[in-house]
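A quick write-up on the structure given underneath.
The values are calculated or read from the model by the stated rules, or taken from the named source; none is laboratory data. No experiment lies behind these values; they were computed from the predicted model shown. Cβ placement follows ideal geometry from the backbone for every residue including glycine, while neighbour counts extend to all protein chains displayed. Remember, those area values only see protein heavy atoms, side chains included, never the ligands or the DNA or RNA. Shrake-Rupley method; radii C 1.70, N 1.55, O 1.52, S 1.80 Å.
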Amino acid sequence: NSFNKDFISSIQSTLSSTVFVGPLRERYLKDEEVFSFSYPFLLGKMGELSGSFLGTYGENVIEFPTPDFLIGENSKKQTYFEHLSDWLNHIGVADNIFTDDGYIFVSQNNNKLKLENVGVGVSQVLPVLLSCMIKTHTENNEIILLEQPELHLHPGAQANLADFFIATSLSGNKNLFIETHSEHVVNRIKTKKVEIDNFDNDKIKIYFASKDGDETALKSIKIGTSGEYVVDDYPDGFFDQAQKEAYSLRKKITKKDKK
């Protein structure tokens, strides 16, 4: 009985510090509802409570890494709106996010839009960014589960979103578990491995998931000091279609040149 109580207590403690953001996020993020903390769907099952959270806490100051963290700067104390503006601008989907006359607005290419009217890129990425910024526990044991956070972002924005994940992980703010199909996210991690002096291999790891019968098999994919993959044998399906096409094209060109 004591073991069961301890086990249940451990599960409850883990769930109370776990946030889940699914792949299909709400298109319209209104800020009219009253926000209350509820785990693991802190921002709603589809991120629909992001606007409500910002309407309530957006002006609160938090300490969080800015994009400059990747070039050696320390984390900064800013409001949620200021941090979100920095990262939305870095990713390339908006200039900034702010409040005006009781409403939340997003600026895109000098156009001022209400939060509920923003493009799909902002509405999809905002809950992802916000879930990683919200800190309700003093310990650094919070877990964020992100499923396909790159959806509806163009390749450049996907790569820049990876910068956000790298900064969040290296700063020790959160424990991120990211399920992604984006080679752009993984390739940016490889690039930063070479660029960043304090890149901690224990904090950022890549696993390739593949089906093994009815089970899912995970294979650790290490990154070398030159950004190369360090692996004995590449698992089936590891290379994306673009890489396969490029390899096939190179073989055909080489064959044609020989003729």
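On the given criteria, is Glu139 of a type outside the set (Val, Ile, Thr), in a helix (DSSP H, G or I) and modelled with pLDDT under 90? Criteria not met by Glu139.
A single entry from Leu113, Leu145 fulfils the requirement of being within 23 Å of Thr18 (Cα to Cα), open to solvent by 30 Å² or more (accessible area, probe 1.4 Å) and in a strand (DSSP E or B): Leu145.
When restricted to residues that are of a type in the set (S, T, N, Q) and open to solvent by 60 Å² or more (accessible area, probe 1.4 Å), segment 100-110 contains 2.
For segment 171-199, filtering for residues that are in a helix (DSSP H, G or I) and either out of contact with any Gly (no Cβ under 7 Å at 6 or more places or on another chain) or within 21 Å of Leu130 (Cβ to Cβ) (or both) leaves 9. The set of residues in segment 73-94 that are without any contact (Cβ under 8 Å) to a residue 60 or more places away in the chain and open to solvent by less than 60 Å² (accessible area, probe 1.4 Å) comprises Gln78, Thr79, Tyr80, Phe81, His83, Leu84, Ser85, Asp86, Leu88, Ala94. Restricting attention to segment 208-227, report how many residues are farther than 19 Å from Phe164 by Cβ and either buried (at least 16 other Cβ atoms within 10 Å of the Cβ) or of a type in the set (Val, Ile, Thr) (or both). Matching residues across segment 208-227 total 4. Among the residues of segment 200-207, is any outside any helix (DSSP H, G or I), crowded, with 20+ Cβ neighbours inside 10 Å, aliphatic (A, V, I, L, M) and modelled with pLDDT of 85 or more? Checking segment 200-207: not a single residue is outside any helix (DSSP H, G or I), crowded, with 20+ Cβ neighbours inside 10 Å, aliphatic (A, V, I, L, M) and modelled with pLDDT of 85 or more. Given the structure, is Thr168 of a type in the set (S, T, N, Q), at pLDDT 80 or above and assigned to a helix (DSSP H, G or I)? Taking the combined requirement at face value, the residue satisfies it.
The set of residues from segment 148-190 being open to solvent by 60 Å² or more (accessible area, probe 1.4 Å) and touching a strand residue (DSSP E or B) at 6+ places or on another chain (Cβ under 8 Å) comprises Asn175, Phe177, Ile178, Glu179.
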